[in-house]
Amino acid sequence: MNFIRQIERFQALNKLIHQQCTGTPDELASRLGISRRQLYAHIEDLKVLGLEISYSRKLSSFYFNESKHLKIEFNLEVLEPEENIKTFGGKLLNLFPCFFYARNETNLAV
């Protein structure tokens with residue numbers, strides 16, 4: 001569920017930056033439920049994706065420097081077995097059996 005929380009955080013961060021109503025870095029980190037250091041790591045992740053983000057003391061908000069913004073789409077749903085077969089195009093065949101070995105000091109056990 002951490003993955004879903006991470007996506008929700010990026011969605012909230014994107015929305016607040018786009019609306020230019022993030023507040024101070026400390027306020028934004030608090031709203032997102034993360035530390036200030038994590039906030040700057042998320043902002044750096046967005047910059048790596050090609051977004052230019054700055055902070056305005058006058059607005060007391062982060063903002064996008066260009067008209068670019070992030071589009072986040074995420075869909076999570078439970079599939080019935082029939083739908084699952086359609087999604088993967090059929091059933092998986094177990095052609096390659098997998099064996100796991102546990103090793104101790106003196107011998108190898110199967």
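Before moving on, here are some points about what is shown:
Listed here are the residues, each with its yes/no results for (1) closer than 17 Å to His69 by Cβ; (2) hydrophobic (A, V, I, L, M, F, W, C); (3) open to solvent by less than 30 Å² (accessible area, probe 1.4 Å).
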{"residue": "Leu16", "(1), (2), (3)": "yes, yes, yes"}
{"residue": "Cys21", "(1), (2), (3)": "yes, yes, no"}
{"residue": "Thr24", "(1), (2), (3)": "no, no, no"}
{"residue": "Glu27", "(1), (2), (3)": "no, no, no"}
{"residue": "Ser30", "(1), (2), (3)": "no, no, no"}
{"residue": "Tyr40", "(1), (2), (3)": "no, no, no"}
{"residue": "Val48", "(1), (2), (3)": "yes, yes, no"}
{"residue": "Leu51", "(1), (2), (3)": "yes, yes, yes"}
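- Checking each residue in the stretch 16-68 for being polar (S, T, N, Q), outside any loop (DSSP other than H, G, I, E, B) and free of Cβ contacts under 8 Å to residues at least 40 places away in the same chain picks out Gln19, Ser30, Gln38, Ser54, Ser56.
The values are calculated or read from the model by the stated rules, or taken from the named source; none is laboratory data. Keep in mind it's a predicted model, so treat the numbers as computed, not measured. Backbone-built Cβ (ideal geometry, glycine too); neighbour counts: all protein chains shown. All accessible areas refer to the heavy atoms of the entire protein, side chains included, with ligands and DNA or RNA removed. Shrake-Rupley method; radii C 1.70, N 1.55, O 1.52, S 1.80 Å.
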